[in-house]
Amino acid sequence: MIKKRTISARICLVGLVALLLTSCTSKQSDNVTNLPTRPFKHASGVTNVPAQPLRVASDQYMGQLLKLGIKPIGVRENMLTEAWMPLSNLKEGTLDGIENLGGFPLNLEKLTLVEPDLIISSLPDNQEAYSKIAPTVHIPYWSESYASPMDKLLKIAELFDKTDEANEWIKQFESQLINAQQQIAKSGNLKEGQTVSVMAVFDKNVYVFGPKGAYGGTIVYDYLKLKPTNKAEELRNKEMASTELSLEKVPDYMGDHAFITVVNKDKAKELLDSDFWKSIPAVKNNQVYFYDSTIFVMDDPYSMEAQLKIILDLLTTSVR
């Protein structure tokens, strides 16, 4: 008799808990539903989003969000330790309280617990799962619709009605670019008409980047307006603005100056120890510059500011 009562009591308790959870979820859903919304067009369609999002979760774009004055409640784990952070002037405590939501895709259980009112997804595959938790917009990291990183920043700014703030930063950055161009010209290290190459050494081969390319291609060519080689210029409209080279092909793509980032040190040693490397004019003239690959992976405002300073320092302070 006692055993039956115990089982019945447990069943009632479970039912009560489920009822409470349903009630809480319903209230949360009602609160979200009652918020003013507006349609937002993104890469995967049109979604009604809060007119003023207050609890944003995202799997990308930490630099863009913080520069716009948006502090997310939860992000992908790597976003909490991005390479630009030690080089920025973030105020102490800026990242405090931002939840680690795991990798790609975000941990759905953790994502649910932070109760976002808006989710930003950089990958289309996660759109459906995220959308079951909160309104989700798909803003791809790489898209032909972006003519530049500025376009991506402006798209994110549009989501938060922060276009004025984005344009203000763009104006400031353009001023920094003009100042940097003047310093480079004044240094005399990069002569008029000289060409520049941008490369990255990976575990198997070397990639060369053209205008709009990663690992420095955008900041070097598109913003500082340094002159690409003819072969680099041909990469402008190619997918990812890059091409893969065997080590022996590197001399064919080298300009008068070269910026090289090393992802794989063993492969870089193989390149630097080769006879053909030592015969390259840029190498002989001490006009090859190496920099940290992690800083040049991202294209958010903080990363671009750091990239500009690095390139400027390399071109104006390197010993000839």
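The values are calculated or read from the model by the stated rules, or taken from the named source; none is laboratory data. A quick note: this is a predicted structure, and the numbers were derived from the prediction, not measured. Counting neighbours? That spans all protein chains shown, and the Cβs are built from the backbone with ideal geometry, glycine included. Calculation scope for accessible area: heavy atoms of the full protein, side chains included, ligands and nucleic acids excluded. Shrake-Rupley method; radii C 1.70, N 1.55, O 1.52, S 1.80 Å.
General remarks:
- Mean residue ellipticity (222 nm) of the chain, computed from DSSP H runs ≥ 4 via -39,500 (n - 2.57), nearest 500: -12000 deg cm²/dmol
- Nitroxide proxy distance, nm - points 7 Å out along Cα→Cβ at residue 92 and residue 151: 4.2 nm
- Ranking 299, 252, 275 from most to least accessible surface, computed with a 1.4 Å probe over the protein chains only, gives 275, 252, 299.
- Angle in degrees between helix 149-159 and the longest Cα principal axis of the chain, rounded to the nearest 10: 20 degrees
- Considering only 177, 263, 289, the residue lying farthest towards the positive end of the dipole of the chain is 263, judged by Cα position with unit charges set on Cβ.
- Cβ charges +1 (Lys, Arg) and -1 (Asp, Glu), total dipole of the range 77-215, debye: 700 debye
- C-alpha long axis of helix 163-187 to longest principal axis of the chain, angle in °: 20 degrees
- Among the protein heavy atoms, those of residue 249 account for about 110 Å² of accessible surface (1.4 Å probe, every chain in place).
- Measuring with a 1.4 angstrom probe and ignoring ligands and nucleic acids, residue 236 comes out at about 80 Å² accessible.
- The range 249-310 versus the range 199-227: alpha-carbon centroid distance in Å: 9 Å
- Distance violations [Cα-Cα > 24 Å] among 225/278; 110/152; 186/267; 212/249; 227/284: 225/278; 110/152; 186/267
- In the set (1) 54, 47, 41; (2) 67, 44, 36; (3) 93, 45, 37, the label that goes with Cα extents along the principal axes in Å computed for this structure is (3).
- DSSP-defined antiparallel bridges as percent of all bridges, the chain, nearest 5: 40 percent
- Protection proxy ranking of 40-50, 196-206, by the mean of other Cβ atoms within 10 Å over each peptide's residues and highest first, is 196-206, 40-50.
- For the chain, the longest principal axis of the alpha carbon atoms and the long axis of helix 301-317 meet at an angle near 20°.
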